[in-house]
Amino acid sequence: MKAMILAAGRGERMRPLTDDLPKPLLRVNGQMLIEYHIKALAQAGIKEIVINLAYLGNMIKEALGNGDKYNVRIIYSEEGEALETGGGIFKALPHLGPEPFLVVNGDIWTDYDFESIVNRKIDLAHLVLVKNPQHHSNGDFTLKQNLVLNLKGEESNTFSGMGIYHPDLFAQCKAGKFQLANLLYKAMEQQLCTGEIYKGLWFDIGTPERFTALDQMLGKRVVMPQTVEKLNSEQFI
């Protein structure tokens, strides 16, 4: 399986931290955010990784190189102007091949074990969902009998920014800027989108405050469960 890390965004909510540095290169506990993903993917046996670039993309290329130092092969999909999630993935399809591929948002941090998902059989899409954080308390989707439904309510969960997609999901698309969400909604209507709920560590690095809290958490040698729960419920809002 190949993987793609979405790294083209401007990171407006993270300013001023992202004024002169792309968000994926921000360091958490001394390591770039995007490095956590690359190393986790390599650990899972995924050796070919596509990274899309737009805002300050050359800095990402200079920092990561061709992937040799991580024991992977990195291919860059350069967009010029950011094409949003769907458009960015569509542009990178020639690099991703004909089989299902894994996509990870570059602005999250997680200890998710990608090895658990690399051999999963899918229809059009498979999404990893997480418990709703306070800053997104209404969630995104509902999981029923392994199918992801476009429903919100007491049973809803938040999309983690991690998923597996079949190239056929993009069969009717044209080059340009568009969101992935609309394609997922159609797959859900056709009952072709499965999912799972991950109960481990996951954080959306959406604001400088959340970034600082995560950095402090990872800087501790021992992270107690109650500390994680406090970060989820209080600091990451």
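The values are calculated or read from the model by the stated rules, or taken from the named source; none is laboratory data. Here the structure is a predicted model, which is why all the values come from computation and not from measurement. Quick reminder, even Gly has a Cβ in these numbers, built from the backbone with ideal geometry, and neighbours come from all protein chains shown.
A few remarks follow.
- Within the stretch 38-61, residues that are touching a residue at least 40 places away in the same chain (Cβ under 8 Å) and under 17 Å from residue 162 (Cβ atoms) have Cβ atoms under 7 Å from residues that are of a type in the set (Val, Ile, Thr) and in a helix (DSSP H, G or I) in these pairs: 49/38; 51/60, counting only partners at least 6 apart in sequence or on another chain.
- Test: residue in the stretch 135-145 that is in contact with an Asp or Glu (Cβ under 7 Å, 6 or more places away or on another chain) and closer than 18 Å to residue 2 by Cβ: no
- Residue in the stretch 6-14 that is modelled with pLDDT of 95 or more and within 16 Å of the chain's Cα centre (by Cα) present: yes
- Residue selected from the stretch 161-189 under the condition assigned to a helix (DSSP H, G or I) and not hydrophobic (A, V, I, L, M, F, W, C), by the criterion farthest from residue 87 (Cα to Cα): 189
- Candidate set from the stretch 175-205 (those that are among the charged types (D, E, K, R) and out of contact with any Pro (no Cβ under 9 Å at 6 or more places or on another chain)); member that is nearest to residue 25 (Cα to Cα): 177
- Among (1) among the hydroxyl-bearing types (Ser, Thr, Tyr); (2) surrounded by fewer than 19 Cβ atoms within 10 Å (Cβ to Cβ); (3) assigned to a strand (DSSP E or B), the one test that residue 142 misses: (2)
- Residue match in the stretch 149-157 (condition: among the hydrophobic types (A, V, I, L, M, F, W, C), in contact (Cβ under 8 Å) with a residue 12 or more places away in the chain and in a loop (DSSP other than H, G, I, E, B)): no
- Cross-chain or 6+ apart pairs with Cβ under 6 Å, the stretch 113-128 first and buried (at least 19 other Cβ atoms within 10 Å of the Cβ), then among the aromatic types (Phe, Trp, Tyr) and not in a helix (DSSP H, G or I): 125/165; 127/159; 128/198
- All told, residue 44 meets the bar of being more than 17 Å from residue 211 (Cβ to Cβ) and in contact with an Asp or Glu (Cβ under 7 Å, 6 or more places away or on another chain).
- Matching residues, the stretch 106-136, being polar (S, T, N, Q), more than 30 Å from residue 21 (Cα to Cα) and either in contact with a Lys or Arg (Cβ under 7 Å, 6 or more places away or on another chain) or at pLDDT below 90 (or both): 119
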